[in-house]
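This report concerns only the one structure given below.
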Number of protein chains: 4
Amino acid sequence: MGNGFRKLMSSQNFGKARLEAFSDGVFAIVITLLVLELHVPDAHSPAELVQGLINLLPKFICFVVSFVYITIYWINHHQLFHMLKKTNRGLFWLNSLFLLCLTFIPFPTALIGSYPNERAAVIFYGFAMMACAVSFVWMKVYMFFGDPLVDPSEGKPAVVFLVAGPLLYLVAVLLTLVDVKLAIAIYVLIPIIYFFAGGIEDKR
Amino acid sequence: MGNGFRKLMSSQNFGKARLEAFSDGVFAIVITLLVLELHVPDAHSPAELVQGLINLLPKFICFVVSFVYITIYWINHHQLFHMLKKTNRGLFWLNSLFLLCLTFIPFPTALIGSYPNERAAVIFYGFAMMACAVSFVWMKVYMFFGDPLVDPSEGKPAVVFLVAGPLLYLVAVLLTLVDVKLAIAIYVLIPIIYFFAGGIEDKR
Amino acid sequence: MGNGFRKLMSSQNFGKARLEAFSDGVFAIVITLLVLELHVPDAHSPAELVQGLINLLPKFICFVVSFVYITIYWINHHQLFHMLKKTNRGLFWLNSLFLLCLTFIPFPTALIGSYPNERAAVIFYGFAMMACAVSFVWMKVYMFFGDPLVDPSEGKPAVVFLVAGPLLYLVAVLLTLVDVKLAIAIYVLIPIIYFFAGGIEDKR
Amino acid sequence: MGNGFRKLMSSQNFGKARLEAFSDGVFAIVITLLVLELHVPDAHSPAELVQGLINLLPKFICFVVSFVYITIYWINHHQLFHMLKKTNRGLFWLNSLFLLCLTFIPFPTALIGSYPNERAAVIFYGFAMMACAVSFVWMKVYMFFGDPLVDPSEGKPAVVFLVAGPLLYLVAVLLTLVDVKLAIAIYVLIPIIYFFAGGIEDKR
């Protein structure tokens, strides 16, 4: 089956423009849906309302972190598809797998925002984000290695950049065994690292 | 009336690009809205939270199955419209009928995710998915048969591929009379079959 | 002020393509959000679930009627903008007014779906739909009369087509004084009339 | 670090078209999501339903004000990007910061709609809107001053137009100390001012 499967996946040229437009649509919707997880607090006095808004602080932070994280994926996706010379069924499905993980983000974001001190919620968030990172790296590896979909002159991405994202989330998940606050600190740090690291990878 | 109706439906050339863009928008939104049916569990202890997440398992599975299913429709819709040489009012309305069924998917998905063991929910899901399949096949038949909207050199789709989807859902619905688990197994199998069958139809 | 206001509104040429794309985005989202008003029923037995689904019937009907109605607006909007030779600030704001009414549709749809026998809900729905129709006709009149934004050779829309939509909703709202069921019948009829009338206007 | 950071931010040319399309997508979704904050009232008698709808009046007003406000941002964003000759990483991130504030709008809109008489809600709304205004002005300043991203012949925006928006919200927030109704009056006035002021800035 392996060979037949490989043939199937390398078949057909999908319209890159429509694939890009569809992905962009999903990105724009997911990033905008995050706000729906912020619910107006139920309050019966001014003090209760202020307290209710203060209690939403973890949710606000999660909203911003997930927003930045999705933005970074959007920019990386944009650059990746810019390099793409041809597409095939395999790329289409790997992109779909990545979009599946991406559209899931509002749920772990709401979960960790509701239970910021619960190990189960913090671990769940880490695994969900790791799934995003792994599926994105998988797509990247598929594009550059084997029968490449990009111009060979582009060079190959350094392994350190490929494993960095998934590995950071794995470390964060393991750190929940020590203290969930350490894991959360890493979750907040990752977008910051990527924000500044963006330039490094460009210079490859 | 039949003749006047036929004339009306074959009138006018709708912009294919805008119809495609509109359909893509609906696809992107529907696939991203699925996550809104996943609600953060109400928990008062770590154990309750873990249990709450485990209880969401049927909803997670339904989320993935519906996501894959919509993705397959997107790819098929993409290929169908790629072959389209002209459009008319009839195609526009058949496409709208299909989009109506498509935008409805989050509801049966949430229903079967909430009541995975209830025959009524499993049957409802089957009929909703069958409606999608039938409306898609109807659009396909309209494009290829009668006054064709595609180049005649494209060949006509094999009847087996046209009836396969609706028929599989009919079988699943009938199997609920025996055991709902059999129906669910078929619901999960259908995207997998289409995933692998995609290549077969290409070689037609 | 009238003169200064007229000057302001006729100033500037807005990108027609981006205005069209933005409107299409709003159309696609509104039509897909309708499903979010369908909530999975709370049931504790198979019989309750079946009853819960049957109770949703008015909501399902409203979902379909609003879907068809928005689709008809989309097609009409598409044809209107196809004729557009230039745009200005006035058109932009009339289009925005129409989009405001359009994005509001999920609320009256949910309202009448929840209270199909309540006069207040039926009247509210009628006025909301009338607002859509009036804002659309206003935009049409602005485009064709005065300093026209379309090629004069296009001819002007017949007054009967301009007043038909708003008038039908006015009649429906007045009929609620007799029986709400009469009003609902007209709400269901309107998309059907437009579906068949589409061809008549084309032949103008 | 300052210098390295400046170099990083000025690096790379992002596709303006895709950035514009992505922003438009977010605009279209946010403006359409506002309606989801309008919930059908729970009523057990006709009188209760009418009362419930009347009670929604503040929410309806907030819906319209936020809709108009987002529309004005869309038009301004459209004009700003029309002038853009080149893009860079810094612009991308400032645009993302603006989109973050924009996607947040449904929350303060729902908050002030739920608690129109509560100082905390009115202040929160003012600060959220001020964040939008500041991030938009920041992007504008970035584009026109320093290493400009627009053609120098475009002229620079007048400082009065840059500070007007944020300042008006600051005044409104301070006025909540006197009376929240004054602040709300300013919130309603701001879109009206911008609606008419649009033409003034054009003539610069």
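Here, the stretch A:42-106 has an Rg and a Dmax of 19.1, 60 Å when only alpha carbons are counted. Whole-Hz Karplus values for the stretch B:135-146 come out as 5, 5, 5, 4, 4, 5, 4, 4, 6, 9, 9, x Hz, taken residue by residue from phi with 6.51 cos²θ - 1.76 cosθ + 1.60 and θ = phi - 60°; glycine and proline positions read x. Overall, the protein assembly as shown carries a charge dipole of about 2280 debye about its Cα centre when +1 sits on the Cβ of Lys and Arg and -1 on the Cβ of Asp and Glu, all other atoms neutral. Result for chain A in a Gaussian network model with C-alpha springs under 10 Å: among A:R119, A:R18, A:R89, the largest mean-square fluctuation is at A:R18.
Mean projected area of the convex hull spanned by the Cα atoms of chain B, taken over all viewing directions: 13.3 nm². Checking the cross-link pairs A:K85/D:K85; A:K140/D:K85; B:K16/B:K86 against a 19 Å limit on the alpha carbon distance flags A:K85/D:K85; A:K140/D:K85 as lying beyond it. The phi torsions of the stretch A:180-196, fed into the Karplus equation with coefficients 6.51, -1.76 and 1.60 and a -60° offset, translate into couplings of 4, 5, 5, 4, 4, 4, 5, 4, 6, 5, 4, x, 5, 4, 5, 4, 7 Hz, rounded to whole numbers, with Gly and Pro shown as x.
The dipole here belongs to the stretch A:67-155: it is taken about the Cα centre, uses +1 on the Cβ of Lys and Arg and -1 on the Cβ of Asp and Glu, and is about 100 debye. Here each label is just a point 7 Å from Cα along the line to Cβ, and for C:F161 and C:F127 those points are 3.0 nm apart. Would you mind counting up the charge near D:P116? Only other residues with Cβ under 15 Å from its Cβ, with Lys and Arg at +1 and Asp and Glu at -1. Result for the neighbourhood of D:P116: 0. Using C-alpha pairs below 8 Å separated by at least 6 residues, the relative contact order for chain A is 23 percent. Put simply, when C:76-84, D:73-81 are sorted by average Cβ atoms within 10 angstrom per residue, most first, you get D:73-81, C:76-84. In nanometers and ordered shortest first, the copy-to-copy spacing of the A:F195 label point, defined 7 Å from Cα toward Cβ, is 3.7, 3.7, 5.2.
Annotation for D:D179, label-to-label distances across the other copies: 5.2, 5.2, 7.3 nm (shortest first, one decimal, point 7 Å from Cα along Cα→Cβ).
Using the rule -39500 (n - 2.57) for each DSSP H run of four or more residues, divided by the residues of chain A, the 222 nm mean residue ellipticity is -25500 deg cm²/dmol. For the stretch B:54-63, 3J(HN,Hα) computed residue by residue from phi via the Karplus equation (6.51, -1.76, 1.60; θ = phi - 60°) reads 5, 5, 7, 3, x, 5, 4, 4, 4, 4 Hz, glycine and proline entered as x.
An ellipsoid equivalent to the protein assembly as shown, defined through the eigenvalues of its Cα gyration tensor, has semi-axes of 36, 36, 31 Å when rounded to whole angstrom and sorted largest first. Look at where the Cα atoms of the stretch D:126-162 and of the stretch B:19-95 average out, and the two centres are 39 Å apart. With label points set 7 Å from Cα along Cα→Cβ, the inter-copy distances at C:G15 are 1.4, 1.4, 2.0 nm, sorted shortest first.
Between D:L189 and C:L174, the C-beta separation translates, for a Förster distance of 35 Å, into a calculated FRET efficiency of about 0.45. Rounded to the nearest 20 debye, the dipole size of chain C about its Cα centre is 800 debye, using +1 on the Cβ of Lys and Arg and -1 on the Cβ of Asp and Glu. Cysteine residues of the protein assembly as shown whose C-beta has no other cysteine C-beta under 4.7 angstrom: A:C62, B:C62, C:C62, D:C62.
Within 10 Å of the Cβ of each residue in C:44-54, the mean number of Cβ atoms contributed by other protein chains is 3. Counting Cβ atoms of other protein chains within 10 Å of each Cβ in A:16-28 and taking the mean gives 6.
Among the residues of A:108-114, the average count of other protein chain beta-carbon atoms within 10 Å of the residue beta-carbon is 3.
Each of A:C101, B:T32, C:L94 was placed along the dipole of the protein assembly as shown (beta-carbon charges, centred on the mean Cα), and the one lying farthest toward the positive end is C:L94.
Where a number appears in this text, it was derived from the coordinates with a stated rule and is not lab data. Small disclaimer: the values here were computed from a predicted structure and weren't measured. Heads up, the Cβs are rebuilt from the backbone with ideal geometry, glycines too, and the neighbour counts pull from every protein chain shown.
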